[in-house]
Structures are given as structure tokens and as C-alpha cells.
Amino acid sequence: MSVELDVFVGNTTIMDEEVYQFWLDGYTVNDAVKVRMEGGVLEECEASAEVLHSDTMDQYRTFQMCERLLHSPAKLANQLLFQIPPHRQAMLIERYYAFDGVFVREVLGKKLSKGTKKDLDDVSAKTGVTLKSCRRQFDNFKRVFKVVEELKGPLVENIRQHFLLSDQLARNYAAIVFFANNRFETGKKKLHYLTFQDFAFCAGQLISYWTVGAVGDNLSPQSPDVYNMVEDMDVDLEKQFLQDLKELKILITDKDLLDQHKSLVCTALRGKTKVFNEMETNFKNLSRGLVNIAVKLTNTKDVRDFFIDLVEKFIEPCRSDKWTAGDMRLFLTHYTNSAHILDTFKHQVLWDRYMGVIKSCILKMYHD
Amino acid sequence: MPGKLKAKIVAGRHLPVMDRASDLTDAFVEVKFGNTTFKTDVFPKSLNPQWNSEWFKFEVDDEDLQDEPLQITVLDHDTYSANDAIGKVYIDIDPLLCSEAATRICGWFPIYDTIHGIRGEINVLVKVDLFNDLNSFRQSSCGVKFFCTTSIPRCYRAALVHGFVEELVVNEDPEYQWIDRIRTPRASNEARQRLISLMSGELQRKIGLKVLEMGGNAVVGYLQCFDLEGESGLVVRAIGTASPNTNTHSNTAPASNACNSPSKDSKETLPSSSPPPFSPSKPCSRQSSSSDTDLSLTPKMGKTSPPPHAPHPEFPFFTLTCFPPGFLVHVGGVVSARSVKLLDRIHNPDEPETRDAWWEEIRQEIKSHAKALGCHAVVGYSESTSICEEVCILSASGTAAMLNPRFMREGCLDDASPPSCGFCHIPYDEFNMPFPAQLTYCYRCRRQKVPDVLFTTIDLPAEAAVTGKGCLIQARLCRTKKKAQGEVNATAISNLLPFMEYELHTQLMNKLKLRSMNALFGLRIQISVGENMLLGLASATGVYLSALPAPGGIQVAGKTPSDLNYDQHIATMQKRINDTITKNKELYNIHPPESTEELVGSPIPDRQRSRLFRSTSESSDELLELDLSHGKKDAFVLERGSVTMSINMFVSSGFYSCNTEVMPGIYNWTSGLQMFTSVRVYRLSNANLTNQGLNKIFTELCENLLKSLYFKLRSMIPCCLCHVNFTVAVPEEELIQMGAVRLNCVCVCGCVFVCLFVSGSGENEDQLQFSMELCADSTPSNNQPTSKPSERCSPLPEGRSRSLRSTRSMPCGAPVAVVKMTPLSFLPGTRIVKYLGIINMFFIRETTSLREEGGVSGFLHCFIAEVFAMVRAHVAALGGNAVVSYSMKECVFMENPNKNQAQCLINVSGDAVIFVRESEQEATPPLMSSGQISSTGADGTT
């Protein structure tokens, strides 16, 4: 005797969140059954393995049928095929678009192309995330990227509205889209210690302060009157801003300005930090490093290397001198503020816009 | 020319991509009614077209309005080749023909294609203007209301119950016409869907005519069936109970006590204060037949039976299962009749139809059984068929009963509350019993005689006093038979039938005793025929009626009481049985008051038998009565009965099940509910085709299905499966490889309904605590007692926060309204304020890419979900928010894995209604706001 057909359909679609997670994680039905069995559902309900298998199959089928709808989540609310209560719909969507930190770290900044998709089996082997799950996550990135690409207006808000995601998840997707669009290099060995959350934070900073959408109101970039609905307003760095950054060069090319800047910072920091001597000796190098990054950002290639430059030119020297995070904060604060006191330095607004982001990025990235 | 039908096509959405090049679709719509067709403009290059068409107007006879569906076809315009069909929507106009039902049909309908399933949705607006037509010779019966509900619908009052109406329409099945060889599967499916839609429209119209003739204006308990007789044709038949209803709307029920006791609720529609002039049983079981070929013929009237308005009806049939209090005086017992027929091609459907004669024969037989039981009426009556190739088993069953003549004549009873035991008292003469039975004085009133057990097909009367809780009791049986043809086959089957009935009955008796109960309600015995086996499945809800004596125990007796081992074995078995009985008493909370004096006042010898009356006939009215009684007081389980014993010991705490509307003994219901359909098909290998082996397998299947349901619904515990409806079928045997294994399928299709209630003592605290649990998303607590935290608690807080946000971020388009579906005639905790009309839909789905669609399970899963979606959409378009008395009448599944093909037919029916919650009925208008609906919809799900 064998079960040929076994179907259970409820008027209100019945879904088990645990099984949904197994499905998302790319478990086969048999694996899922095994895990559920170990989880002790059986004793609880006196059910047999067949019962569990049949239930798992039903759920998997339901999810497969739902998947098409999840690709454009707005459809889930007004489709007629499944009757799903709204809070469940939200759960389905949120979980479907959730991703693994390890996985996203691997593809962050890569082109979301067919070629990358082909390499997913390597990524899967490396991260331990099943290939099926990798594909789903990758396709999600690509889908969000494609939709957002053609839309005007603020990136996070667009993602939130189109995919009905939570604010946090929408911000993460914005970071992924931003990285994929600007093709930031994140795979170099020196950057391996950085997590996705580090990058997502930095992306948030860049989007908030350096993009077209950020123009006009640096302090509260989300205020609605700024939404001048330019295409790609949050995805591309503002050209003019990058161009202007060249002006900062004076801070390192003008000998007097550099010395003056150094002495201001040193006065402020004296006695407040244990690494004062190292800081004093290294000041010119560090300052050159930061300003040079700013000056070169007009080149696409250098934009890509933004993070690696930050690490090489600034973070690594400091780390080898054993600066603490506190030292770093102190230095960057005074380094930024001292520039205002320099009488011949005229680019205060530009400097603040640049250093605000650099400071928060470095502080986020400065860990082991 | 008494009607104008108007339709407007508003918009479409989520259409499929029909043009690969542009990834878009150039859609337009054809609206067809009868022979008239209108078209909308092409809306180019869009998957969400906005046609916003003019009003398409059809001027039609009301006869056509009743028969024909409005047919809406969505097509993709193609400049060079033929336009591709995207899909169709059939809209039944009938609900618009009653003045009190729906006024318009308006909403989103799934666009359905028999090959691809649902492909997008279309927004349609339909209205009907009816002109008054006083022509007494008319062929239409507009205005007659139909209800699937087998009780007097809750917001109506029956002024009069006329009695039985039946009708039957025959046609050739398009699937078997010669043209089917040259047309596409899609065309063939659509022809079939359309034909059946036409036939059921015609059937309904003709039944309506009969009702009008009787002076009625409604049909309750309308039951329509299809017999797919294959080569020999297609039969659509229907039975119902005619009655003129008066709408009472909300003025009757005192709302206070209805909320937590549905059993009380049923009384309220007929309150004693406003006496309903109930005068049923006019002689209206008039039977006529008509059989048409080309769907356009006048019915042949009055072929047989009593003339339309004979003065006294001898044997009224009632398809109702639930009655106003005081209506039923006595209940005799189950009466049933079966007959085996050989189908032959309906050569000339215009000729007086043989099928009508067959049913007539069976009804006569039922009548005579009822008479033998001293009863003048049959209630809870139903008819069914099982077809395998050319053999057809026709079955009918009901419950013989005495109805209150005073109630019928005067329509008024002064003593408002009828005695709670009255219906148990025997209707027949004590000294002239139709069969041996053991009588005692009623345990409640001590005045009248009652039998020791009572089997019925009706629901438990509201006034009945019950001890403890009820439970689902099933008897399952397989019998092999030789493969044969024609006459020989039919004879073999009809020879087997009595034995099967006997065996099923014995099983039911034993199981009843094992649970120490003494009555069965809602008994439904299904016998299905396959090529080399017969299946019998009897389901009923067992209860302990306080008025009846306590059942005796079960005594085990060996066949050969010789050696010691064997005796020991028997002794242990006996002990096991006794333990089980004790355990069950505990489980079902059956603690009857110890009656000290055994009032066995019956002079009848010490024998016991229940009232299952049946007979088998083969083309003749031969009445076969079996004396099923045993010589002892206690029932008897033979050694081989160990099979029987092992059966039912699966018990899941917190789960109850029954196949009646309400679970006896449980009154505190919550409103969370979940309707579901489960289908299983098993393949049997040739090896275990012995009676024993098959029985075991069959029993396991049913048990497994139940277990599976319990597991699925574990998150709703404590809960109750109500109206569990098992259907079995043995599809035709098919030979897969040449000379290799023969395969047989058994399909168990349960259309089951879940309802939540509070278990245990029913204290108020309990209820509170539980309802908190139910609305899990509003309580972040982790105090669910029955589940492990990992199972249920963890996701809750998250779910909550998400739901808050999601309501904000949902796109502005109105979310889909929740439509509840239930096989019950009511929704717990709510009040039905309006009946919008009958839903009766027939769908065919076929696939030629079975593997790609996830195999047979994937295919059927999708199809059932689609059927639900279409039912919901139609109800929502009528302005309703629920379907009650929903049932899946037919689910025929055929596959051919070699060709990667499968086909499935589903027929569903129910009543579209508007309900309001008890608590808010004063405040809110009929239609609930979507917020309310969705919040309640969330309750019952996990």
C-alpha cells in the first residue's frame, strides 16, 4: 500500500512557522521531517512519522505556491487564492526576504549578474548555507535591485513600500543595493574582519550624507521636502560633491596649514590619550591618508576602493599603534573640529560633510 | 420578455503574460448570455487593464435567467493569429432573481482556465431588472429560494412545510460524444462545465416550479448530485423540502443566550411567542421526471405517484435534519434501501426515464420500512449513488419518525418546552414490534417505553438530554468480489450487500458499547463499488441519551473454548475491553445516575436489537430483513473481532470529533473556525487483496487520516472537528504495465470542519483564559499550557509587531475581504442576518504537465485552493461574508501518469450569507468592516 496522493487544504491557509523556516533554509522534506522529529513534535501529539511527513509535504506545497506571490509582496494582500490573515502575510514576507549575514557578506559589492549566480555553489560550500537558500537570497537582492533601479525617490522608502518590509530590513536592502550599484570592494583579505552590519552602517551614512538625495539638508536628510524625486538619488554619490572634495587638498599641500592643524590637534589632545606620542609622529601621514581619499573619489576605481583605503591608510596604522576606540573618537573629533579654527581654510561645510561620514564609518569599522 | 440582465466589465488585474516579446497582454472581454455576445475594447499592453465598459444589456426570458450562467471570457488580442483565451468566469444569476436575496453581483472574480487554473482576476458588475409576469403557464420559477441548509434557515420562519420535492435531468456527457475526439481538452472541459451549469440551472428551475405549484416559496435542505455514468450519460438530480418561509429577520431571537450555545440557537428561530403555522405533510411527494437531450425541452410532468394535492400525505419525506422543538414526536430508527442497477445508454432521453422509476422504487421501499416502524414520516432523508462502469448502487436512507400532528395542523404548541425524552419513546406498538427489541421505561419520565439503542440520521434534537460528550464513531469494511461483467456482477454485488450492512451494523454496535453510549445521530452509511471490491463506511456521532438505558458490556467469546491458553487470551482481552470502557466513560464524561431499580417492564424476551432496518433489492422490491440479534444481553465479539477492538483506541487529548452539526455535550464555543478539505488516494498492491488484509488497511487509512487532522490542527487545541464528512470511492482499476501489478485506488475525501470550544467544565475563567490564547497575536504571553514553547510561543511577539506595521504599509487597494466557509448551518458566536442565495459550482481541471505541477498532490492541492478561492470570490461579490452548509459533493480524480496527465472534477455547494457577531449586531450594519473580519480571521489560524 502506498499513499499516492495526500492533500490537505484549509479555507484559511494553515502554515507552520517552523516548517516555513526549514523551507526557506532549503531543507529537503526528509531533512525537515528528521529535524522536526528530533524537535519532539511527535511525543506531544502522538503522531507518527508518516503524519509528520504528510504535514511537511502539505506545507512545502503551500509555500511553493505562495512563492510566486512573494516575489511581488503587494500581490499577497489582494490575491484571492490563499486566505491568509494580514499578520501572517507580513511574517511570510519578512522571513522570505530575510537573509544570512554570512551569505550577504560574500556577495556584497559584487555585480548581481548571472555570472555571480553561477558561483553560488562555491559560496554555499564556503558559508554552509544551502544552495537553495543562497539562490533565494541572491534572487531577492536582484529583484529588489531591479525594481528600485527604475524608481524615483528615496531608496529605503521605495524598498519598504514595494516589498512591504520592516524598516530595518529595508535599510539592509538599501545597503545591498547601494553596494551593488557602486561595486564597493569588500572581498579583500584585509576587509574580511568586517561584518555585513559594519558595511550596512557605512552604506547608511553614505546614502544619508553623500548622495544626491542628501543635498540641501545634511542634518536631517530624511525630511520630506528634500525628496526632489531625482532618479537614482540615493544610489549614486553626488558628482559635484566629489568634485568639490578636491578642494580639501590644501590641508596637506599647504605646509603651514598642515603644521597649524597638527599643533591645534596636539594641543587639544595632550595628556588626554596614552598614544599621544604615536599620534604626534604619525599625524601628517594620517591626515594625508584621509585627505587623499577625499581627493581621489572622483575616480570610480577609487570609489570602489574606498573601504580598503580607509583600512590601509588609517585604520591599520592606528591599530598597529594600539589606539583604543576612545583614542580614535577623541582624535577624529578634534581633527575635524580643529580645521574650523584654521583661518585660511575656507571649506568648512564641505569638510564637515566629508568628515562626518568618515568619522562614523571609521568608528564603526575600528574593531578586531 | 420579463427580464433585463446588465453586466459591466470594470477592470482586470494580475493577468498572465500572453505576449512573450513584450511581457504584456492585450486583453479584451467577451460577455455572453444565451446566444448573445458582447465585447469590450482591447486594452493594449497591460497586465492590469481598465476596461470600464458600458453596460451590456441582455433582454431575456426569466426561464433562461434561471438556466443559463453569465459567461465571461477574457482573451488576448492577436493581430495575426487567433485570439488566445486567458480564462473564463461563470456567474450564476440566480441569487439576483429573488427580491430578498442579493441585489447585485459586484467584485473581483478569479479568471479560471481548465488547463492552467486561475490566471488573474476580473472585476465585474451584474444587475438584473425583473418585470412582473403573472402568466400562470410560465416555465420559470423565479423567486423560489433555495437553501442547502438542512434546518429552517436561521433568519426565517417556516410558515408551512409542504414536503418532498425531487427532480432529475439527464443528458449525454460531452466527454463521451464523438466530437470529443477532435476537440481540445479545454473545449471539452468547458463544454462539460457549461452543460452541467445549464443542467443544474434547469433542475433548480423545475424544482422551483413544483414548489410554486404546491404553494411554497422556498426549498430547504436542497441536495443536488451528479451521476457521471460515463458512456451512458450524465444525470443531475436533486431533492429538497419545499416550504414557504417568512422572513423574520432579527425580531425573534432574544440575543442574550445565543452566543455560546448553538444548540439553543436553533430554537430561537421559532420562538414560542410567535407561533409558526407549521403545517407540513401535504401530499407533496409527487414525482415527475423529465429528461432532455438538448437542454431546451419542456418537462414531462406527473408521471407517477400520488396526485399533486391529495388530502393526506402518507409518507412525507424531509431532507431536513434539524427541527423546531416539538415537531418530532417519536423517532423510530434508521430506514434504508439499496438497489443495484445495470446502466445502459440513455438512448432516447425523451422517453419516460428509467432512472426516475428506479428512485421511485427505492422511495416506496423506504416508505414501507417507515410504516413497519409505525411511523408516517421519514426525516433526515438523503439519496446517493455509487457507480463503477455499468453497475450502479442506488442508496437512500432516512430516519422513520412520527411528527406532531397537532403541530402540523394548528401550527402552535402551548407547552413551549417539549419533554426532553419524548422523541426517544417508541412509535410502534409494544406488542407488535417489527423486530425484536428490548424495551424499558424511559429513564427520565418513567412513563413511556424506550428502546435500548437508537440509530438515526438526523442531528441531535436541541431538547435532548445527553449525559457526557459525544464522539465520532465509524465502522469500516472492505469486501473483495470477483471481477465480473453485467448481470453476474450485479448479482454478486447485491448478494454481498446484506452481509456488509450486517457487519457494519455489528461494528457500530460494538463501538458504541465500547464507549458506553446508547444512541447514534447523523448516521451515514456509504457503500462504494469498485471492480473487485466493495467498501462500506459508516460514520455517526455516538451519544449517551439520558432517557435510554445504559448499554451493556461486551462479552468476548471464543469460537472453540477448549485449551487453557486460549481461555487466558480471552480473559485478557475481556479485561482490556472492560478497561477501555471504563477509560472511555472517563474520557467522554459519561456518568449516568446509577439507577437502582432496574425498571425492565417489558414483557419482551431478553434480547436486544437496534433499529437498523434495511433491505437490498435487485430490480425488485424484495424486502430482505435480517434478524441481527444475538441471544445474549451483552453483545458478542468473536475472536476475530480483535481487529475490531484494536481499532479505535487512538485518542488525542483536547480533540473531539463528530459528524453532526453540534458536538453533543459541549456548549461553550468560541468563534474561531477553520474549514478544510483533505483528500487521500492509496494504491493497493495485489498481494493483500483478502478481506482481512483489506479491512485492516482501510481502517488504518481512516485512522491515519484522523490522526493527521489532529496533528495539523494541534495549534487549535482544545478543539472539535464538527461535521466530519468522510467519503470513499474506489476509482476504476487500471492496468499500468502489461500483465504486471494491478493497482487500485481508494480515495478518502474528508471535507472536515474544525471548531474551537472550551474544554472541561466550561467555567467562565476557562473561557477567558482560552480566548486569550486564541487571539495569540494580541497576547505576548507564553502561557499556553499545551504546547512546547518552541512550537508556538517564540514567533508570537514578532508576529505582533509585524502586524501592526503591515496594516500601515499595505497598499491602498482594499484588502481582500475574509470569507468564512463552514459545513455547519451556523457560525458559532454570530448571527446570520441574510441569506444571499445558493452557491452551486462545478469545476473541471485538467493538466498535461502533471510532474511539473508537483505530481498529483501538487495538482489537486492547487485545484482545491482554487475552488475555495472561486467560492469565496462569488460570495464576496454577492456581498456576503460566509458560506454555510458548505459541502464538496463530488471530487472525482483521474490520472494517467504515463501520459503525464490528470483530471479532476469538483462540485461544491452551500449558502452564501451575511453574518454579524452577536456582540455587535446592534451596532454594526450587515457588512462588517474589513478590519473586524480580518481580526477574526486571524483567530483560528496557525
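The values are calculated or read from the model by the stated rules, or taken from the named source; none is laboratory data. Computed from a predicted model, the values in this text were never measured in an experiment. Note that each Cβ is placed from the backbone with ideal geometry, even for glycine, and that neighbours are counted across all protein chains shown. Remember, those area values only see protein heavy atoms, side chains included, never the ligands or the DNA or RNA. Shrake-Rupley method; radii C 1.70, N 1.55, O 1.52, S 1.80 Å.
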Problem - Rg and Dmax of region B:1-59, Cα atoms only, in Å - result: 13.7, 48
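Classify region B:449-563: rounded, prolate or oblate, from the alpha-carbon gyration tensor (a ≥ b ≥ c, eigenvalue square roots; a/c under 1.5 rounded; otherwise prolate if a/b is larger than b/c)?
Note, shape of region B:449-563 comes out oblate.
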Problem - Heavy-atom accessible area per residue - region B:1-145, 1.4 Å, Å² - result: 44 Å²
Exercise for the section: First compute the accessible area of chain A with a 1.4 Å probe, then give the percent of it belonging to carbon and sulfur atoms. Expected result: 51 percent
Fill in the blank from the handout: Mean other chain Cβ within 10 Å across A:57-66 is 3
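Select from chain A the helices, each a whole stretch of DSSP H, whose alpha-carbon atoms run 24 Å or more along the helix axis and whose Kyte-Doolittle mean is at least 0.0; answer none if there are none.
On the way: long enough: A:49-70 (31 Å, -0.46); A:131-149 (26 Å, -0.67); A:276-296 (29 Å, -0.26); A:325-341 (25 Å, -0.08); A:348-365 (25 Å, 0.48).
Span-like helices here: A:348-365.
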Practice task
Take each of the peptides B:530-538, A:19-27, B:518-526, A:313-321, average the number of other beta-carbon atoms within 10 Å over its residues, and list them starting from the highest.
Solution key: B:518-526, B:530-538, A:19-27, A:313-321
Exercise for the section: Rounded, prolate or oblate: pick one for region B:1-119, where a ≥ b ≥ c are the square roots of the eigenvalues of its C-alpha gyration tensor, a/c under 1.5 means rounded, and failing that, prolate if a/b is larger than b/c, else oblate. Expected result: prolate
Fill in the blank from the handout: The answer for region A:254-335, accessible area per residue at 1.4 Å probe in Å², is 46 Å²
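Return the carbon/sulfur percentage of the accessible area of region B:1-126, one whole number, probe 1.4 Å, all protein chains in place. Intermediate values should be presented prior to the final figure.
Details: 2290 of 5100 Å².
Taking all protein chains in place, region B:1-126 shows 45 percent carbon and sulfur surface.
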Problem - Accessible surface, per residue, of region A:78-213 when the full set of protein chains is kept, probe 1.4 Å, Å² - result: 38 Å²
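Quick one: order B:Lys575, A:Lys296, B:Lys482 from most to least accessible surface, probe 1.4 Å. Kindly include the intermediate steps, with their values, before the conclusion.
Values: B:Lys575 125, A:Lys296 70, B:Lys482 165 Å².
The ranking, largest first, comes out as B:Lys482, B:Lys575, A:Lys296.
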Fill in the blank from the handout: Looking only at lysines whose Cα falls under 19 Å of B:Lys210's and that sit 8 or more positions away or on another chain, we get B:Lys145, B:Lys282, B:Lys300, B:Lys303
Problem - Per-residue mean of C-beta atoms belonging to partner chains within 10 Å, peptide B:698-707 - result: 2
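Quick check on region A:25-115: take the gyration tensor over C-alpha atoms, sort the square-rooted eigenvalues as a ≥ b ≥ c, and tell me if it's rounded (a/c under 1.5), prolate or oblate. Present the calculation step by step, with values, prior to reporting the outcome.
Details: a/c = 2.44, a/b = 1.37, b/c = 1.78.
Here region A:25-115 falls in the oblate category.
Quick one: which of A:Lys34/A:Lys117; A:Lys111/A:Lys142; A:Lys111/A:Lys364; A:Lys126/A:Lys189; B:Lys469/B:Lys585; A:Lys262/A:Lys296 span more than 18 angstrom between C-alpha atoms?
Details: A:Lys34/A:Lys117 30 Å; A:Lys111/A:Lys142 9 Å; A:Lys111/A:Lys364 25 Å; A:Lys126/A:Lys189 15 Å; B:Lys469/B:Lys585 10 Å; A:Lys262/A:Lys296 22 Å.
In this structure, A:Lys34/A:Lys117; A:Lys111/A:Lys364; A:Lys262/A:Lys296 lie more than 18 Å apart at Cα.
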Exercise for the section: Give the interface area between chains B and A as buried accessible surface, both sides summed, probe 1.4 Å, in Å² to the nearest 100. Expected result: 5700 Å²
